[in-house]
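Heads up: the structure comes next, in structure tokens.
The values are calculated or read from the model by the stated rules, or taken from the named source; none is laboratory data. Here the structure is a predicted model, which means the values were calculated and not measured. Reconstructed Cβ throughout: ideal geometry from the backbone, glycine too, with neighbour counts over all protein chains shown. All accessible areas refer to the heavy atoms of the entire protein, side chains included, with ligands and DNA or RNA removed. Shrake-Rupley method; radii C 1.70, N 1.55, O 1.52, S 1.80 Å.
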Amino acid sequence: MERFQDENKWLGNFEDIIDVKCPKCNAKAGVKRTYESKYLYRDTRILECKHCYFAQKGQMKKFKAIVDTFCCNNEDKIKYESQILNKKPEKINLKCPICMEHKDFKPKIEEITHGFNADVNKQRESYFNCELWYQKQFDNAIFWAYNRDHIEYLERYIRADLRERNNDGSFNKTLVSRLPQFVKSAKNREKLLKSIEKWKK
């Protein structure tokens with residue numbers, strides 16, 4: 001009888017390196033922590049692909065320019081909102097509908113965090129919006145993992161006949177406690193383990 005004891009790991013324990021599909025060439029790439037912050041969710045990430053050598057450090061920023069101001073009187077406002085821009089414009093040239101003159105206006109800049117386009121039906125990591133490398137459709141759900149360490153931890157849990165919780169006050173915050181029911185179900189064990197074996201090859 002195989003036994004698994006919850007080590008009270010949470011999902012963040014497996015987020016140092018997340019294996020993803022490269023948004024440029026579709027090969028296996030990695031999203032890695034830079035450790036510029038000691039806090040996981042404040043840390044900058046870097047996306048690196050060893051196949052096509054694409055690299056992106058930090059989230060991609062795009063911008064929207066907004067003008068909402070008066071021109072030649074205090075009654076009629078000029079209102080303008082740009083499309084998504086790659087650079088911040090210092091000025092926006094607009095025609096005033098009252099005096100009919102073209103004038104430069106200093107816009108308010110709205111910063112937008114921009115992620116890569118990805119299949120909305122796929123599981124994605126949250127920083128760059130890249131599709132996870134390890135994922136498999138399972139009925140109406142998706143079975144997925146961040147990396148090999150995550151896979152091995154899931155494998156130990158799924159393979160075990162006896163699964164023991166470690167009650168240290170973590171309540172329902174550990175990775176194991178929050179697994180979906182289809183992963184916990186013994187009837188799905190063989191199918192899930194087959195997916196894991198394919199991932200490990």
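Between residue 55 and residue 114, how high is the FRET efficiency from 1/(1 + (r/R0)^6) when r is the Cβ-Cβ distance and R₀ = 25 Å? Nearest 0.05.
0.90
So what are the ³J(HN,Hα) numbers for the stretch 178-195, from phi and the Karplus equation (6.51, -1.76, 1.60; θ = phi - 60°), rounded to whole Hz, Gly and Pro as x?
Result, rounded to whole Hz: 10, 5, x, 4, 5, 7, 6, 5, 5, 5, 9, 3, 5, 5, 5, 5, 5, 4.
Taking a point 7 angstrom from the Cα of residue 76 along the C-beta vector, which residues in the stretch 83-106 have backbone N less than 16 Å away?
Those under the cut-off are 94-103.
If each of residue 179 and residue 86 carries a label point 7 Å out from its Cα toward its Cβ, how far apart are those two points in nm?
4.5 nm
Could you list the residues of the stretch 112-126 with an amide nitrogen less than 15 Å from a label point located 7 Å from the Cα of residue 27 in the Cα-to-C-beta direction?
Once the point is set 7 Å along Cα→Cβ of residue 27, nothing inside the stretch 112-126 turns out to lie under 15 Å by backbone N.
Going by average Cβ neighbours within 10 Å, how do the peptides 60-72, 19-31, 80-92 rank, with the highest at the top?
The densest-packed peptide leads the list: 19-31, 60-72, 80-92.
Compute, for the chain, the length of the dipole vector about the Cα centre, with Cβ point charges of +1 (Lys, Arg) and -1 (Asp, Glu) only. Units Debye, rounded to 20.
460 debye
At a 1.4 Å probe radius, carbon and sulfur cover how many percent of the accessible area of the chain?
Carbon plus sulfur share of accessible area: 44 percent.
Of 3, 148, which has the most accessible area with a 1.4 Å probe, and how do the rest follow in descending order?
Sorted descending by solvent-accessible area, the residues read 3, 148.
Could you order 114, 150 so the one with the most accessible surface comes first? Probe is 1.4 Å.
114, 150
Using amide H atoms built 1.01 Å from N in the peptide plane, name the residues 5+ places from residue 10, or on other chains, whose amide H lies under 5 Å from its own.
Under 5 Å from the amide H of residue 10: 175.
Can you count the Lys pairs in the stretch 92-199 with C-alpha separation below 30 Å, eight or more apart or on different chains?
Counting lysine pairs in the stretch 92-199 gives 24.
Note the per residue figure in Å³ for the convex hull of the C-alpha positions in the chain. Walk me through the numbers before you get to the answer.
Details: hull volume 38.4 nm³, N = 201.
Measuring per residue, one finds 191 Å³ for the Cα hull of the chain.
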